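Please read the structure below before turning to the comments.
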């Protein structure tokens, strides 16, 4: 599944009040931890992130202390006592077997030593796979059998939606729409390689006027720089958005078309600009470019809470209603 689908599944589990233990598998850098944190925030749940690989057995089980001629356990203070939330066991299979064994008791019995997890708390975990070249330990079968398992993979559509909502530079979004294979490409022999996480880092470097190579690696950074040279060839996007694009022609080069279409989609933040850009693309471009434009507009509207603007645009523009209806029919036929 992709990150958006994972988020939907986790949200439904919260809504259904299912206290099932969950294990999320996936490559590094695709946002597993941030998705869980986001689900917790959106559902007004407390969130505790435990990096098991950084704990010792006594950190999780607690310290032995004498109590009335007997030995008991003093639980750690970072485990929840009240309320409701998500206890997130991150990097669980990076932890050595001794820690995984204690985690197994917590997952299975919802208790460890003298500590018991409150009923309204969920236990979720995440880890990388062996094929991700992570230094992981084999998860014991008894522990694995205590979880339901979700496998998540990198996906440009999910990243685009996140990137629009977080004001990632439009040139990065445009480039990855043109070269989606470079969203996540774990390479041998390079410390820096592209992932959703490192493209977010690259955005910060870019906004600081720095090279993005330290974040995504030499090859992807070079391709990005070559692609951004097309921005010198873009038509006047502001004129199109303001309704003065009648004399503005649609570019011939595919890369410039990508940059133009996505640029319009990301900048169409108001109803009038959205309608002007749509009408211009319907007249000057083709169905594939209109579809790409609308995908970006819809993602932006959802991320900003402006879905009402989309409903108004569809109501006011017959061509948009017709296009969406025909596209839906073609999609169902396929």
(Q) For the range 214-232, check the following and say yes or no: at least one residue is in a helix (DSSP H, G or I), within 20 Å of residue 323 (Cα to Cα) and either at pLDDT below 90 or outside the structural domain of residue 165 (by TED's automatic domain parsing) (or both). (A) no
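Assigned by TED's automatic domain parsing to the domain that holds residue 300 and farther than 27 Å from residue 129 by Cβ: which single residue out of 161, 207 fits that description?
Details: 161 fails: farther than 27 Å from residue 129 by Cβ.
Step by step, each of 161, 207 is checked, and only 207 is assigned by TED's automatic domain parsing to the domain that holds residue 300 and farther than 27 Å from residue 129 by Cβ.
Any chance you could count how many residues in the range 163-202 are assigned to a helix (DSSP H, G or I) and surrounded by 15 or more Cβ atoms within 10 Å (Cβ to Cβ)? Spell out how you get there, then give the answer.
Start the filter on the range 163-202 by keeping residues that are assigned to a helix (DSSP H, G or I), which leaves 163-165, 170-178, 180-182, 196-202.
If we keep only those that are surrounded by 15 or more Cβ atoms within 10 Å (Cβ to Cβ) as well, we get 163-164, 170-178, 180, 182, 196-202.
Qualifying residue count for the region: 20.
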Q) Of the residues that sit in the range 133-145 and are surrounded by fewer than 20 Cβ atoms within 10 Å (Cβ to Cβ) and either in contact with a helix residue (DSSP H, G or I) (Cβ under 8 Å, 6 or more places away or on another chain) or modelled with pLDDT of 85 or more (or both), which one is nearest to residue 288 (Cα to Cα)? A) 134
Q: Confirm whether residue 313 is at pLDDT 85 or above, touching a helix residue (DSSP H, G or I) at 6+ places or on another chain (Cβ under 7 Å) and more than 23 Å from residue 235 (Cα to Cα).
A: yes
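The values are calculated or read from the model by the stated rules, or taken from the named source; none is laboratory data. The model shown is predicted, which means the values in this text are computed figures rather than measured ones. FYI the Cβ positions are ideal-geometry reconstructions off the backbone, even for glycines, and counts take in every protein chain you see.
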